[in-house]
Amino acid sequence: MASLSRRLVWNAFRLLRQTFPVVQNRSFLGLFKGSWRRVLSVGVGASLCAIPVGQRSEPGLSNESLIKRAASLVTDSTQTFLSQTTYALIESLTEYTKTVYALVSLQQKYTSLVNKLNSNEEGAIWQVIIGARVQMKKLQDEYLKYEANWARAVRISEMAAEAAYLAGADQASVTVRNHIQLVQTQIQETRELALKAEALLAAFQSEEIKKEDKDNSPDGDSPRSGDSPRSGDNPRSSLSDEEVPEAYLRED
């Protein structure tokens, strides 16, 4: 009976070795001589070893020192992200501002020459103005996208500064907060330039609308004859309140 039991156990080991080659290791087979708790502890240990836990790069440093160093590395990365998004937003806002001023200049030039142009010349200038408006809208969408990225970078930097402070990395925290204040000042100055350009464009368009309404009123001067284009082709008549972007009309 005992020999039969040993034979069954041996056959079971042979099957296990064929299915899982790792079982051929004698040290592993020796585990089965102990209790199931011993086998379970080995399995749990192997699972824990699979978890990617960082080890000390410098055993002489304490956990607190290593955490401070890690927090400083995080603040360095967030500052790089913040710097890049700030640069992209400033560049985009600057291009947008230039385009707004260019549109104002085009419309002012058109107004000064409108009585001296024939219908073909007037239509050509009007096409240039339309192209400038399209470009302005494109650049506006672009800077709004970069502005969203920049706002996220500011929030992440603020979180990194707070984490560094709580970790005891006071210098890293102060550096990040100073960086945040610096880029916020730079963005605010660039925004103010864009707002001035938008205000100038809105004021010019409002003045043109008032002038057009006065020309079309019964008490106003009669419209010029001859080469005057249809109202649908006249950029002054098409500068309605509906076409003035909301950003141009805001007071901030």
Next item on the list: Calculate the spin-label point distance for Glu91 paired with Thr111, positioning each point 7 Å from the Cα along the beta-carbon direction, and give it in nanometres.
Entry: 3.5
Next item on the list: Would you mind putting 62-74, 84-96 in packing order, based on average other-beta-carbon counts within 10 Å, highest first?
Entry: 84-96, 62-74
Next item on the list: Take the alpha-carbon positions of segment 94-216, form their convex hull, and give its projected area averaged over all directions (one quarter of the hull surface) in nm².
Entry: 9.1
Notebook entry, point to check: Put a dot 7 Å past each Cα toward the Cβ at Leu182 and Leu166; how far apart are the dots in nm?
Noted result: 2.6
Item checked: Computed E for Ser206/Ser62 - FRET, C-beta separation, R0 51 angstrom, nearest 0.05 -> 0.15
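No lab work stands behind these numbers, since they all come straight from the coordinates. Please read these numbers as outputs of a predicted model, since none were measured by experiment. Ideal geometry is used to build each Cβ from the backbone, glycine not excepted, and the neighbour counts take in all protein chains shown.
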